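Visitor: Here you go, one structure.
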Amino acid sequence: FAALPGAPQATLLGTGKLAGMLGTASAAWRYSRSVAIPWGVVGPAAAVAFGAALAGAVTVTHVPPDVFRPLVPVLLTAVLGYTLWRRDLGAAHAPRALGTGARLGAAGLVAAIGFYDGFFGPGTGSFFTTSLVALRGYGLTKATALTKLFNWTSNIASVLL
């Protein structure tokens, strides 16, 4: 942002998304070889993340640069604070089933995180991982494996736009 002040923010964010998409795809593949992936949960959630990220990416193209650029340090500071606050996350793996209401709430949360990823992005993986640990009781390894798939999907949406 500082080096190319005249470039549209969607373009600047998209360059990072392309690299992130490739790295995340590699990590997702490696995790899927050693962690059982519950595709019945992951598939629909990844579709929600994709659609929401696309909406976030479209939204960022409509935000004037003089409004968006001051948000960058605020959002990055918030992500840093969140990351420092959640250091012991996912130490235990104790999966639990979700009722219908909780599944709808989880879908809303995935949509919000996906939208954020399409709109801005830093910290998205931590937000997905925290959600899986808090809502589903997954340990950090399983949550991170699923996060890679969600994050890859939301990055694809942003890169496509």
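Visitor: Within the range 20-68, restricting attention to residues that are touching a helix residue (DSSP H, G or I) at 6+ places or on another chain (Cβ under 6 Å) and assigned to a loop (DSSP other than H, G, I, E, B), which residue is farthest from Ala111 (Cα to Cα)?
Guide: So the residue we want is Val35.
Visitor: Of a type outside the set (A, V, I, L, M, F, W, C), open to solvent by less than 20 Å² (accessible area, probe 1.4 Å), at pLDDT 80 or above and more than 14 Å from Val41 (Cα to Cα): which single residue out of Thr124, Thr141 fits that description?
Guide: One residue alone meets the criteria, Thr124.
Visitor: Which condition from (1) closer than 24 Å to Ala134 by Cα; (2) modelled with pLDDT of 80 or more; (3) among the charged types (D, E, K, R) is the one that Arg103 breaks?
Guide: (2)
Visitor: Determine the pairs where a residue that is within 13 Å of Ala57 (Cα to Cα), located within the range 1-16, has a partner that is among the aromatic types (Phe, Trp, Tyr) and at pLDDT below 75 with Cβ atoms under 7 Å apart, the partner being 6 or more residues away or on another chain.
Guide: Sorted first by the residue in the range 1-16, then by its partner, the pairs are Leu12/Phe1.
Visitor: Any idea which of (1) modelled with pLDDT of 80 or more; (2) closer than 21 Å to Pro5 by Cα is the one Leu75 doesn't satisfy?
Guide: (1)
Visitor: Follow-up. In the range 2-32, which residues are modelled with pLDDT under 85 and either in contact with a Lys or Arg (Cβ under 6 Å, 6 or more places away or on another chain) or under 17 Å from Asn155 (Cβ atoms) (or both)?
Guide: Initially, the range 2-32 is screened for residues modelled with pLDDT under 85, giving 2-20.
Scanning the range 2-32 gives Gln9, Ala10, Thr11, Leu12, Leu13, Gly14, Thr15, Gly16, Lys17, Leu18, Ala19, Gly20.
Visitor: So which residues in the range 32-73 are touching a Ser or Thr at 6+ places or on another chain (Cβ under 7 Å) and open to solvent by 60 Å² or more (accessible area, probe 1.4 Å), if there are any at all?
Guide: Hit for the range 32-73 is Phe50, nothing else.
The values are calculated or read from the model by the stated rules, or taken from the named source; none is laboratory data. All figures in this text were calculated on a predicted structure; none of them were measured in a lab. Methodologically, a virtual Cβ is constructed for each residue, glycine included, from the backbone with ideal geometry; neighbour enumeration extends over all protein chains shown. Accessible surface is based on the protein model in full, side chains and every heavy atom, while ligands, DNA and RNA are left aside. Shrake-Rupley method; radii C 1.70, N 1.55, O 1.52, S 1.80 Å.
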